[in-house]
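S.K.: Below are the structure tokens for one structure; questions will follow.
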Amino acid sequence: MKIAIIGGAGFIGAHLTKAYLDARHDVFVIDNLVCGRREAIDERARFYQMDIRDGQLRTILQQERPDLVSHHAAQQRKGLPGEQSLVDADVHVRGLLNVLNSCVDAAVKKLIFASGGNSLYGPVEAKELPITEDTPLCPQYAHDISKAAGEWYVRYYTRQYGLTHTILRYADVYGAFEGMEEWESTESTAYPHPLNYFMAMLSQYRRAVIRGTGEEVRDAIFIDDVVQANLCALKRGDNQTLHISSGRGYTLNQLYEVVADYMESDLTPIYLSGALGGTPAIVLNNRLARHVLGWSPEVTRLEEIENTFVNNKHLKFASCGA
């Protein structure tokens, strides 16, 4: 199968590129390198440095004629809120429409669309966790609003043009990424996954900051499990929206203990109370993905999360949104 990975120089995209190549697929990557790194792309893949809003994208897809497009492009979150909203919409909506139109013109058979996950939903009662895919959306950030809109555009192109799709809603993705640059920021908001932030701070012998009580529950998914779900989605999950998650939730305090134990650190976190804390608890039910894809996550328990650190001592940990 010939596969185009849009955003293939990013954290998730780079892992997918390698996995698809190892599975003997013909792979090429399209990325503007704003968020990704050229060195992260497997040298076996052809590479086109291009923004997804560029009109030349259509020419590339028509020349290459991929069977499937894996859309993992994501906009870097920075700048003032109003400015960021405009950029998010421009990349995630206008850019996506350029991708979809280019797919139709190139007779692409299927699109895999990486959507949001944990932050697509609003506050829910603890008794309702884990939530299913039909839970009403309430995006928490501008980034997620544009991703939710993107889902509807993808479904529209399926109805109008017959472009088969699979929408994957990721929990917070974490995992090892060889060759990552040294972390310099000390703000937890710079890291999409707290495991990365805690490890960065403790590696510098600095106390991590936890906003709130540390008892907020989040769902996390290991990158290898994300890759396996995407491999299954090559031939399954047509026109489905699926949670790719561990199906379990853990508090920030529990995750901190995992990292502190692994790094043999006795430093305690600094807790900041007030409006900056208090994110809603979220756990994503992955039962539909298990059934439709024939997939199941391997890393779901705290001890298994800790093993991912032990088994990847020579690597740095990284994480990102879709």
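S.K.: Considering region 105-140 alone, what residues qualify as being surrounded by fewer than 13 Cβ atoms within 10 Å (Cβ to Cβ), of a type outside the set (Ser, Thr, Tyr) and assigned to a loop (DSSP other than H, G, I, E, B)?
M.R.: Listed by number, the residues that qualify are Ala107, Pro123, Glu125, Asp134, Pro136.
S.K.: Now for a separate question. Restricting to region 78-124, count the residues that are modelled with pLDDT under 85, over 21 Å from Asp172 (Cβ atoms) and not aliphatic (A, V, I, L, M).
M.R.: Looking only at that region, the number is 5.
S.K.: Then there is this: Inspect all residues belonging to region 275-282 and state whether any of them is surrounded by 15 or more Cβ atoms within 10 Å (Cβ to Cβ) and at pLDDT 90 or above. I'd like the intermediate steps shown before the answer.
M.R.: Step one: of region 275-282, the residues surrounded by 15 or more Cβ atoms within 10 Å (Cβ to Cβ) are 277, 279-282.
Right, trim to at pLDDT 90 or above and you get 282.
Looking through region 275-282, at least one residue is surrounded by 15 or more Cβ atoms within 10 Å (Cβ to Cβ) and at pLDDT 90 or above.
S.K.: Also, I was wondering about something else. Considering only residues of region 185-214 that are modelled with pLDDT of 85 or more and assigned to a helix (DSSP H, G or I), which is surrounded by the most Cβ atoms within 10 Å (Cβ to Cβ)?
M.R.: In this case the residue turns out to be Phe198.
S.K.: Could you figure out which of (1) farther than 22 Å from Gly13 by Cβ; (2) buried (at least 19 other Cβ atoms within 10 Å of the Cβ) isn't true of Leu242?
M.R.: The one condition Leu242 does not meet is (1).
S.K.: Here is a check on your reading of the model: is Glu264 touching an Asp or Glu at 6+ places or on another chain (Cβ under 7 Å) and either at pLDDT 95 or above or charged (D, E, K, R) (or both)?
M.R.: Criteria not met by Glu264.
Residue-by-condition table, conditions (1) without any contact (Cβ under 8 Å) to a residue 60 or more places away in the chain; (2) surrounded by 23 or more Cβ atoms within 10 Å (Cβ to Cβ); (3) of a type in the set (A, V, I, L, M, F, W, C):
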{"residue": "Thr17", "(1), (2), (3)": "yes, yes, no"}
{"residue": "Arg24", "(1), (2), (3)": "yes, no, no"}
{"residue": "Val29", "(1), (2), (3)": "yes, yes, yes"}
{"residue": "Arg53", "(1), (2), (3)": "yes, no, no"}
{"residue": "Arg58", "(1), (2), (3)": "yes, no, no"}
{"residue": "Gln62", "(1), (2), (3)": "yes, no, no"}
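The values are calculated or read from the model by the stated rules, or taken from the named source; none is laboratory data. It should be emphasised that the depicted structure is a prediction, and the values quoted were computed from it without experimental measurement. FYI the Cβ positions are ideal-geometry reconstructions off the backbone, even for glycines, and counts take in every protein chain you see.
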